[in-house]
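The values are calculated or read from the model by the stated rules, or taken from the named source; none is laboratory data. Remember, predicted model here, so these are calculated numbers, not experimental data. FYI the Cβ positions are ideal-geometry reconstructions off the backbone, even for glycines, and counts take in every protein chain you see. What goes into the accessible areas is simple: the full protein's heavy atoms, side chains included, and nothing from ligands, DNA or RNA. Shrake-Rupley method; radii C 1.70, N 1.55, O 1.52, S 1.80 Å.
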Amino acid sequence: MCKWFLLFCLTYPLATTAQRDKELAITHVTIIDCTGAAPEPNSSVIIGNGHINVVGPSDRVTIPAGVRVIDGSGKFLIPGLWDMHGHLTDASEDAFPLLIMNGVTGVRDMGGDLAQIDRWRSEIDKGLRVGPHIIRAGPFVDGPKEGVSNRLTVRTPAEARQAIHNLKAKGVDFIKVHNALPPEAFFALMDEARKEHIPVAVHLPNGVSSAEASDAGAASLEHIETISESALWRKGATAKTVEQAVDENLGRAGQELFQRFAKNGTWYVPTLVAYERGFVLWSNDPESLKPRLDVHEKQIELVRMMHKAGVPIMAGSDFSDWALVPGVDLHNELALLVEAGFSPMAALQAATLNPAKFLGKTDTFGTIQVGRVADLILLSANPLDDISHTRKINAVVLGGNFYPLPAIRAQFLTSW
Ligand SMILES: [Zn+2]
């Protein structure tokens, strides 16, 4: 993959800078703007200075002279996708071309090497590297743990409060807590984070229930399986195994929990694809596969219940845990969301409008509207007919720069 990356770097930054200030128009395309509005056939978009400047019916949009025109006839335009649960440090810089080739123009980095991520982010901002927009937590806030890196180890409530101030001083966008954080330290951290107005994304600490984390003000809860882990230790728990906990959540216990998330405004990032890859697809033992597959199917059902209950949900893949592939596996997550009863539009919004809402950046990202950053995907088939069509990428526009995919892929493949 290194070779891909090098080629990408060598080939595109020059083209990128050259085109940056030039205007680009995509004409006669069907726009799926992801606001929830119906698709608009035969539309045109004019892009300049990295932003969407004009959107409208092709017969009413005048294309100024000198603008590069891409004929979008027969094609579909959607906003760039956000992967709301990724780990760039684990994935390494090899992730960048994969993300862009797959239309992932934004990543919420859920724990990694802050200095390295910031170096990448600044190279991307300066046009020296082609990569997505990055929102990052920096190091995980975790309890003592062996054999892991990029952790800020916290043992006591006082250390938890200090961690908030240390990370805030470093300018992180949010805090990510992980499962070994002791419960009393977790609650102190949540309290301090609320006072300091910094959002916290929660991989549920052992001994804390999902309901308690939601009530404590978690901005987002991560991974569907933590709901069932939590059912083993929540107050009055009766389930003794994960399987029993999943079944319990499929009944009233789950319904009440999801109503609570909706009421508290707690976002959920189920990362169904990570469970599928880690526990189902990698399993080659038929004995253990059967119960895992059963849990996987029931977890998809839990996401359906959450969605119905009005819990705001975002798409995340958890690359590169479990050898998840940056970019590629976000499309698998969208397909799993549709399996969980999302309309294709709702699945698209889980990676476009919803991340923008979550980040408080609906004026900047997430839809195809005037004034938004020009992060777009040109598809050769309609994703509202079949969500797998998000994989039929013809070109990606990143910050106004146009990347035709067939050409890029052909170059990568011939040099591989
Ligand atoms: Zn993760």
What helices (runs of 4 or more DSSP H), lying completely within the range 219-319, carry at least 1 residues that are of a type outside the set (Phe, Trp, Tyr) and within 19 Å of the chain's Cα centre (by Cα)? 225-233, 272-275, 286-308
Please work out if residue 346 is of a type in the set (A, V, I, L, M, F, W, C), free of Cβ contacts under 8 Å to residues at least 40 places away in the same chain and either assigned to a loop (DSSP other than H, G, I, E, B) or touching a strand residue (DSSP E or B) at 6+ places or on another chain (Cβ under 9 Å) (or both). yes
Which numbered condition trips up residue 276, out of (1) within 16 Å of the ligand (Cβ to nearest atom); (2) open to solvent by less than 40 Å² (accessible area, probe 1.4 Å)? (2)
Which of the residues that make up the range 275-314 are of a type in the set (Gly, Ala, Ser) and under 23 Å from residue 218 (Cβ atoms)? 278, 309, 310
Has the range 103-111 got at least one residue that is on the phi > 0 side of the Ramachandran plot, touching a residue at least 60 places away in the same chain (Cβ under 8 Å) and within 16 Å of the ligand (Cβ to nearest atom)? yes
Within the range 228-273, can you find the residues that are within 16 Å of the ligand (Cβ to nearest atom) and aromatic (Phe, Trp, Tyr)? 267, 268
Of residues in the range 69-89 being away from the ligand (no atom under 16 Å from the Cβ) and part of a loop (DSSP other than H, G, I, E, B), the one surrounded by the most Cβ atoms within 10 Å (Cβ to Cβ): 80
Subset of the range 311-325 [open to solvent by 10 Å² or more (accessible area, probe 1.4 Å) and more than 9 Å from the ligand (Cβ to nearest atom)]: 312, 320, 322, 323, 325
Can you tell me which of 160, 115, 201, 188 is under 30 Å from residue 80 (Cβ atoms) and either surrounded by 17 or more Cβ atoms within 10 Å (Cβ to Cβ) or not aliphatic (A, V, I, L, M) (or both)? 201
Run down 211, 219 and say which single residue is open to solvent by 10 Å² or more (accessible area, probe 1.4 Å), within 16 Å of the ligand (Cβ to nearest atom) and at pLDDT 95 or above. 219
For the range 172-206, the count of residues that are under 21 Å from the mean Cα position of the chain (by Cα), in a loop (DSSP other than H, G, I, E, B) and within 23 Å of residue 121 (Cβ to Cβ) equals 7
